[in-house]
Structure formats: C-alpha cells, structure tokens
Amino acid sequence: MKKFTVIMLYPDYIANDFGSEHYTSHVNAQDIKEAIAKAQAEASDGNDIPPEDFAVLFVFDGHLENQHAGFC
C-alpha cells in the first residue's frame, strides 16, 4: 500500500463559497484510482452526498500536511 494525499472540491450545491472550499484526505491505496475512490467515499460518508460529486483537484504521493492552514 502507498500513501496518498487527495484534495477535492466540495460540490457547488453544498459549498458556501464554491471554488474555495476543499476537502483533503490522507489514504493508503494500491494506486491512484483506488486512492481517489477511498478519498471520495471518506468525504461523502454521513453527508448524503454522492462520492463522485467531490471533484478531484490533486493527488500527491505521500501524506502531505498543509503548511498554510491557520497561517493567515
């Protein structure tokens, strides 16, 4: 299993500020396709939002932490 960081955009119909609201997921998967599926499932869990409605923006190798969060 490899570590991935997947960054997705919240769907427009639930976002307060569409285009700037994102979801970051750290997953372990065999490949990128599985990483995306796991991240979308995680994002939609308990929200009654279809997993595929979370648009994937980036997929990175490894579990990356956002160094900007809380800085501003």
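Below, the figures for the structure above:
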| read-out | value |
| --- | --- |
| Residue within the range 10-28 that is acidic (Asp, Glu) and touching a Pro at 6+ places or on another chain (Cβ under 9 Å) present | no |
| Selection count, the range 8-36, where residues are in a strand (DSSP E or B) and free of Cβ contacts under 8 Å to residues at least 24 places away in the same chain | 1 |
| Residue that is surrounded by the fewest Cβ atoms within 10 Å (Cβ to Cβ) [pool: residues in the range 37-61 that are in a helix (DSSP H, G or I) and of a type in the set (Asp, Glu)] | 52 |
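Each reported figure results from applying straightforward, stated rules to the coordinates on display, with no laboratory input. If you're wondering where the values come from, they're calculated on a predicted model, not measured in any experiment. Neighbour counts are summed over all protein chains in view; Cβ atoms, including those assigned to glycine, are modelled from backbone coordinates with ideal geometry.
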